1. What distance in nm separates the simple spin-label points at B:Asp99 and B:Ala432, each placed 7 Å from Cα in the Cβ direction?
2. Just to check I understand the Karplus step: with θ = phi - 60° and J = 6.51 cos²θ - 1.76 cosθ + 1.60, what whole-Hz values come out for the stretch B:428-443, glycine and proline as x?
3. Let me know the longest stretch in chain B that avoids all trypsin sites (Lys or Arg not before Pro) found in a DSSP loop with at most 13 other C-beta atoms within 10 Å.
4. Determine the share of chain B's accessible area contributed by carbon and sulfur atoms, expressed in whole percent, with a 1.4 angstrom probe.
5. With θ set to phi - 60°, apply the Karplus curve 6.51 cos²θ - 1.76 cosθ + 1.60 along the stretch B:455-469 and write out the HN-Hα couplings as whole Hz, x wherever there is a Gly or Pro.
6. How much accessible area is lost when chains A and B come together, counting both sides, with a 1.4 Å probe, in Å² rounded to the nearest 100?
7. Multiply the residue separation of B:Asp459 and B:Ile424 by 0.36 nm, subtract the distance between their alpha-carbon atoms, and state the gained length in nm to one decimal.
8. Report ³J(HN,Hα) in whole Hz for each residue of the stretch B:89-106, in order, from the Karplus equation J = 6.51 cos²θ - 1.76 cosθ + 1.60 where θ = phi - 60°; Gly and Pro get x.
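The values are calculated or read from the model by the stated rules, or taken from the named source; none is laboratory data. These numbers were taken from a predicted model, which means no experiment stands behind them. Cβ placement follows ideal geometry from the backbone for every residue including glycine, while neighbour counts extend to all protein chains displayed. Note: accessible area is taken over every heavy atom of the protein model, side chains too, but ligands, DNA and RNA are not part of it. Shrake-Rupley method; radii C 1.70, N 1.55, O 1.52, S 1.80 Å.
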Amino acid sequence: MIEGIPLHYFLVLSTLMFFIGVYGFIVRKNLITILMSIELILNSVNINFVAFNKFLYPDQLQGMFFTIFVVAIAAAEASVAIAIIINIYRRIGNINVEEIAELKH
Amino acid sequence: MNIEQFLLMRHELLLVITALILIVAEIFVADKTKIIPLGVGLFFVNLVIGFLPAQTGTLFGGMFHNTDMTIMMKNVLNIGTFIVILQSAAWLKKPENHDKLAEFIALLISTLVGMQFMISSGDFLMFYIGLETATIPVAALAAFERIRNRSAEAGVKLILSSALSSGVLLYGLSMIYGTTGSIYFDAVALAFTGTQLQTLAFIYFLAGMAFKISLVPFHLWAADVYEGAPINVTSYLSVVSKGAAVFILTILLFTVFSKIVAMWQNVLYTLAVLTMTVGNLFALRQKNIKRFLAFSSIAQAGFILLGMMGANELGSATVVYFVLIYIFSNLSAFGVATLISNNSGKENIDEYNGFYSTNPGLSLIMLLALFSLAGIPPVAGFFAKFFLFTAAASAGYYWLVFIAVINATISLFYYLLVVKAMFINKNDNPIAPITIDIYSKVGLILAAVGLVVTGLWSDVFEVIRGLSFGIN
């Protein structure tokens with residue numbers, strides 16, 4: 001039950017998720033895995049919003065609403081990103097970031 | 001709520017209608033090129049209606065609010081987008097682009113709708129939705145040329161880095177919500193006093209915004225995306241997208257974060273020095289005109305920060321004025337580069353050698369644009385930079401102004417390199433004379449006339465100055 005768990009447990013979880021996401025974004029070489037790392041980041045934000053709303057401001061719903069919109073927009077973002085990634089796969093035959101390095105300075 | 005209140009969203013509603021008409025028209029029109037005059041005409045109507053006097057007020061319980069200043073900002077963005085659409089007409093008319101012609105204009109307009117909602121937002125939810133609506137279609141536009149590897153690479157780089165930056169920004173927003181208990185700007189502004197957690201939240205937020213404006217050290221995506229994307233999308237990204245992000249950042253810094261003004265001034269100080277210097281030094285060694293203009297636009301973003309740091313009415317007025325002039329100057333430069341790229345496929349600065357001998361008119365427009373970007377007196381860019389420096393000096397940042405002046409001098413060097421290539425360097429085989437189609441001609445003339453008029457006609461600045469806002 002959520003009642004027994006204090007707020008800072010949620011915050012530690014979301015912070016961990018956020019930085020695991022950032023780490024994965026930097027380290028991973030596969031475009032799909034990078035996209036998954038971004039989903040981790042966005043979901044850590046969702047946990048933050050819901051936990052703050054539930055524990056600190058239970059009389060209103062702003063955090064919950066924000067979460068719903070973040071989920072919806074993350075879906076839109078992922079669909080465009082995957083469309084582009086599929087196109088890259090068709091062109092180059094690979095979705096490894098190290099192979100997609102035509103533009104460099 | 002009655003129907004008249006919805007007219008507060010006039011700019012956005014008209015744009016949505018325009019985009020829908022274009023998508024539907026594509027189904028019924030057999031000759032796809034006829035969509036171009038339709039799109040240009042509809043957008044021109046939009047632009048004109050935007051300038052008619054408008055009401056101000058709030059909608060949806062404060063989520064959306066319109067002030068005279070936001071209307072002015074929207075009109076500035078409309079002008080920029082109109083010129084971009086005109087300049088992309090020649091590229092869209094190529095046979096390989098016919099099947100996606102309407103989508104290009106519709107996507108361009110839908111990003112603009114996102115930007116306008118973002119500028120008018122009254123809470124962080126609307127702000128975030130607007131920001132994403134402005135970002136996601138641009139990634140699709142950057143990956144528009146499906147058959148080119150570079151375009152696809154630019155698209156994926158743009159969508160992934162912008163998604164990461166939105167994530168970082170959202171993490172900051174969640175902490176702002178946790179510490180203040182609201183997502184409405186006016187409530188947050190009251191509760192945002194600069195505790196340690198709030199400072200951390202603000203840093204996350206600013207890092208996310210700095211990605212969008214491509215400030216150093218968050219600029220690494222910019223040059224690659226600018227080079228790989230189709231050149232018209234590059235000009236849109238570097239001008240309109242950046243301008244919108246600058247506008248909303250100015251509004252938020254001046255209203256929501258007004259209590260920690262001393263803190264964000266220090267952060268912006270560092271960012272401004274880094275952005276100007278690094279942007280300039282990288283621009284020095286670029287050979288490709290798109291990469292060159294990308295780094296020049298990074299350096300220009302550093303100058304814009306000077307106006308924000310003024311944190312007074314002069315500051316906000318100069319930011320809007322600078323963006324307006326920057327739209328005209330950058331779009332003139334990009335307009336010429338677009339014509340050259342479309343006609344001859346040449347994008348290297350070396351290949352511009354002897355351009356004046358074959359295309360004197362175009363090289364004069366390019367000259368004017370580069371002088372304006374560098375800030376040489378008779379052209380508008382000089383006044384824009386001068387006012388920015390005045391705003392920073394009015395807040396007492398003399399050293400920063402000094403650094404900015406040195407950077408403006410360095411930037412003059414590399415802008416003049418392009419001028420030298422066009423006017424002085426000899427070339428046995430210069431670019432052949434370019435025939436300019438009517439749309440590009442109108443676009444270039446608009447940009448070039450704007451370049452001269454906004455500088456010399458002081459009413460433009462006075463009008464913007466009259467709408468400006470500072471920190472109370």
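1. 2.9
2. 6, 10, x, 4, 5, x, 9, 8, 9, 6, 5, 5, 4, 4, 4, x
3. B:1-284
4. Within chain B, the accessible surface is 69 percent carbon and sulfur.
5. x, 8, 8, 5, 4, 4, 5, 4, 4, 5, 4, x, 9, 6, 9
6. 4000
7. Extending this stretch completely gives an extra 8.9 nm.
8. For the stretch B:89-106, the Karplus curve yields 4, 5, 5, 5, 6, 4, x, 6, 9, 4, 6, 10, 5, 5, 4, 4, 5, 5 Hz.
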